[in-house]
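Structure record follows, encoded as structure tokens.
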Ligand SMILES: [Zn+2]
């Protein structure tokens, strides 16, 4: 089925996302074989798609890195707090046993 440039350009976003039906996909591919302008349009859309996804992926990567830093910092604080609490408990136990042995 032959379709016009206008119909092809309407379908290109769906074609690029891979969500158009088999019949539309075949019609777009048939048109792209014959029409350089629509191929250029598709290539421009692909480049824009890659650039947009790159920005989106970089934002996500930066967010993950920031969360990772916060998580590592939080773990460090909890480990230090745990060590200090353990030392305090041991000191209290030592003092308790010291007094217990002194009184016996
Ligand atoms: Zn065309």
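Values quoted throughout were computed directly from the atomic coordinates according to the rules given, and no laboratory measurement underlies them. What you see is a predicted model; the values in this text were computed from it and never measured. Heads up, the Cβs are rebuilt from the backbone with ideal geometry, glycines too, and the neighbour counts pull from every protein chain shown.
When you look at residue 45, is it over 19 Å from the mean Cα position of the chain (by Cα), part of a helix (DSSP H, G or I) and under 30 Å from residue 13 (Cβ atoms), yes or no? So residue 45 passes the test. Pairs are defined by a Cβ separation below 9 Å, a sequence spacing of at least 6 or placement on different chains, a first member in the range 1-20 that is without any contact (Cβ under 8 Å) to a residue 12 or more places away in the chain and on the phi > 0 side of the Ramachandran plot, and a second member that is assigned to a helix (DSSP H, G or I) and more than 15 Å from the ligand (Cβ to nearest atom); the pairs so defined are 18/25.
If the condition is being within 16 Å of residue 48 (Cα to Cα) and exposed (fewer than 14 other Cβ atoms within 10 Å of the Cβ), then the range 1-17 contributes 13, 17.
Each residue in the range 1-20 was checked for being assigned to a helix (DSSP H, G or I) and within 13 Å of the ligand (Cβ to nearest atom), and 9 pass.
Looking only at the range 8-31, residues that are more than 33 Å from the chain's Cα centre (by Cα) and closer than 18 Å to residue 46 by Cα come to 1 in all.
Which of the residues that make up the range 21-53 are within 10 Å of the ligand (Cβ to nearest atom) and touching a helix residue (DSSP H, G or I) at 6+ places or on another chain (Cβ under 9 Å)? First the steps, then the outcome.
Step one: of the range 21-53, the residues within 10 Å of the ligand (Cβ to nearest atom) are 28, 31-32, 34-42.
Across the range 21-53, the qualifying residues are 28, 31, 32, 35, 37, 38, 39, 41, 42.
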